[in-house]
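Structure record follows, encoded as structure tokens.
The values are calculated or read from the model by the stated rules, or taken from the named source; none is laboratory data. Computed from a predicted model, the values in this text were never measured in an experiment. Heads up, the Cβs are rebuilt from the backbone with ideal geometry, glycines too, and the neighbour counts pull from every protein chain shown. Quick note on the areas: whole protein, heavy atoms, side chains included, nothing else; ligands and nucleic acids left out. Shrake-Rupley method; radii C 1.70, N 1.55, O 1.52, S 1.80 Å.
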Amino acid sequence: MAISSKSKLRINPAVFTRKSGKTWVILGKDKSYYRQLNEVAGFIWSLLKTPRSIPEITNHLVKHYAVSPQAARKDTEDFIEEYVRLELLIEGK
């Protein structure tokens, strides 16, 4: 799936998610994929409970973590690309 900056992405509803402290645990829709997220990845994940675009997520990262827009965008794009490939994120409206 080609992801444009206008695409709105969200968590796949078939994915199980649990937060424990600052750590997020994700179990894939077929229960064969497990992922543990660090604080920043968990922050991005929590934003995706509501459909959001890459620029929206980037803006939240810049404000919350005081990082450069370029670093936030790269981190966001890398995260989105990987999680869309794994079908943990899907396009949403």
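Side notes on the structure shown:
- Exceeding the 21 Å Cα-Cα cut-off - candidates 19/49; 6/74; 29/63; 8/74: 29/63
- Distance (nanometres) between label positions extended 7 Å along Cα→Cβ at residue 59 and residue 23: 3.4
- Cβ charges +1 (Lys, Arg) and -1 (Asp, Glu), total dipole of the chain, debye: 340
- Accessible area of the chain belonging to carbon and sulfur atoms, whole % at 1.4 Å probe: 51
- Average accessible surface area per residue within the chain, 1.4 Å rolling probe, Å²: 61
- Take every Cα pair under 8 Å whose residues are at least 6 apart in sequence, average their separation, divide by the length of the chain, and the relative contact order is 36 percent.
- Area accessible to solvent at residue 3, 1.4 Å probe radius, in Å²: 50
- Each label point was placed 7 Å from the Cα along the Cα-to-Cβ direction; for residue 3 and residue 30 their separation is 2.1 nm.
- Under-5 Å amide H pairs with residue 53, H placed in peptide plane, nonlocal only: 9
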